[in-house]
Amino acid sequence: DRFLLRRCVSPVSDDAVLRLLATPTAHVPSPAPSKQDAPNKGTKIECHAVLTEDEIKNISESSRSQIDVPMDVLLLLRGLRIFLRDEVDPPVYISDRRLKKATDLLRVSARAHGRAHVTIVDTLLLQHIAWYNPDEQE
């Protein structure tokens with residue numbers, strides 16, 4: 001339950017594994033060591049994130065306070081939880097915490113698309129949230 005979004009990745013087929021193993025691994029060249037580097041320490045590789053951690057936090061917090069979730073979306077979320085719990089065999093349980101986090105993600109999606117409220121289109125993200133085992137995806 002650590003990650004909100006889930007993605008099932010199938011293993012490489014027996015036929016394709018040969019291509020995978022024969023393909024060179026992408027290599028990020030290390031910068032030339034500077035005179036300041038200690039002899040036995042690894043070289044630092046500079047990484048440039050698209051968004052900083054603070055920007056992500058600000059987007060998340062402002063989305064929670066500024067983006068509205070209309071009643072039709074709230075009813076859909078409640079209906080999904082009831083359906084997965086009561087109608088699916090075996091039942092798929094979505095915790096209150098996970099459902100709340102999913103709602104916050106829908107708010108971020110709406111904000112990223114320049115909207116002031118969540119729409120049904122944003123709920124397409126739920127297909128990556130509302131399951132625990134890969135066989136529950138369908």
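The values are calculated or read from the model by the stated rules, or taken from the named source; none is laboratory data. Predicted, not measured: the structure shown is a model, and the values here were computed from it. When we count neighbours, we look across all protein chains shown, and the Cβ atoms used for this are built from the backbone with ideal geometry, even at glycine. Accessible surface is based on the protein model in full, side chains and every heavy atom, while ligands, DNA and RNA are left aside. Shrake-Rupley method; radii C 1.70, N 1.55, O 1.52, S 1.80 Å.
Of everything in the range 49-98 that's free of Cβ contacts under 8 Å to residues at least 40 places away in the same chain, closer than 15 Å to Ile120 by Cβ and among the hydrophobic types (A, V, I, L, M, F, W, C), which residue is surrounded by the most Cβ atoms within 10 Å (Cβ to Cβ)? Checked the range 49-98; the qualifying residue surrounded by the most Cβ atoms within 10 Å (Cβ to Cβ) is Leu74.
Can you give me the number of residues within the range 100-119 that are aliphatic (A, V, I, L, M) and open to solvent by 30 Å² or more (accessible area, probe 1.4 Å)? Don't jump to the end; show me each part of the working.
Filtering the range 100-119 down to residues aliphatic (A, V, I, L, M) leaves 102, 105-106, 108, 110, 112, 116, 118.
Applying the additional criterion that residues be open to solvent by 30 Å² or more (accessible area, probe 1.4 Å) yields 105, 108, 112, 116.
So the answer is 4.
Applying the criterion of being assigned to a helix (DSSP H, G or I) and among the β-branched types (Val, Ile, Thr) to the residues of the range 93-138, the residue that is farthest from Asp72 (Cα to Cα) is Val108.
A residue that is closer than 26 Å to Ile56 by Cα, modelled with pLDDT under 90 and hydrophobic (A, V, I, L, M, F, W, C) cannot be found anywhere in the range 106-119. Residues that are outside any helix (DSSP H, G or I) and hydroxyl-bearing (Ser, Thr, Tyr) within the range 51-75 comprise just one, Thr52.
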